[in-house]
Structures are given as C-alpha cells and as structure tokens.
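The values are calculated or read from the model by the stated rules, or taken from the named source; none is laboratory data. This structure is a prediction, so every number in the text was calculated from the model and none was measured. Using ideal geometry, Cβ is built from the backbone for each residue, glycine included, and neighbour counts are taken over all protein chains shown. Remember, those area values only see protein heavy atoms, side chains included, never the ligands or the DNA or RNA. Shrake-Rupley method; radii C 1.70, N 1.55, O 1.52, S 1.80 Å.
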Amino acid sequence: MAARLFPAVRFVIKGSLAGAAVYVAYDQGLLGSGTQGAEALRKAQAALPPAIQEWTSYIGWEVRTVQMNTLPPTPKFDFSPSDSWNKGVQTVMSALSVAPTRACEYTVEGWKYVKDLVK
C-alpha cells in the first residue's frame, strides 16, 4: 500500500512546489510587462544585501559587501545563432536530398554481403 502511495505523494509535492514557484513569480511581477519586471529587479536589489548579511551573520560567515549595481562586463562571443541555425538547416536538407541515393547504395552493398554469406 505504501509503495503505491509514495509516487502519488511525491507527484503532489513536486506539483505543489512548481505551482508555488509560478505563483510567487507572478505575484512579484516577473511574468508581467517589462516595467513590472524592472520594478521586481529593483525590489530584489534592495532586499538582497540585507538578507544575505542576516543569513551570513546567523551562520557565522564573513561576507565582503559588493555593490549590487556594478556588474562585470559581459564576455564577447563571436557566435551568431541565426548562422548556426542556417548551417544546421542546410546540413539536414543536404542529408535528406542524398538519402534516396545512399539508401540505394546501402541496399546494393547489403545484398552483396548477403549473397557472399549464402555462397
């Protein structure tokens, strides 16, 4: 009985946690417009340093204070998703265009192999 009940309880707990996460994100304005998201970010930036300081003092760690508004520069990548997508599409289409020819070649090779085994 307990072995059958455990997966159901686990599913309900996971579903509840996922639902709670979506509700909190919606309640804080993260799923709304850009202005609501920016306001939620400002709230988080204001609330995060005191919360971290409180938890570290509770645990007993020392944390250097870091200015929240100064972020390191983003790394520069020479990567274009559209070029990669186009190359992938071209590769797939090329493979599909030669597929009938390759299938005939592999069939001929397969028949030769089977004939050689039968001899």
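For segment 1-68, the alpha-carbon coordinates run over 54, 39, 12 Å along the three principal axes, in decreasing order. Computed extension length for K43-L30: 3.5 nm, one decimal, from 0.36 nm per residue of separation with the Cα-Cα distance subtracted. What is the spin-label model distance, in nm, from Y23 to L117 if the labels are put 7 Å beyond Cα along the C-beta direction? About 6.2 nm, to one decimal.
Ranking K119, K43, K87 from most to least accessible surface, computed with a 1.4 Å probe over the protein chains only, gives K119, K87, K43.
If you sort T56, T35 by accessible surface, 1.4 Å probe, largest first, the order is T35, T56.
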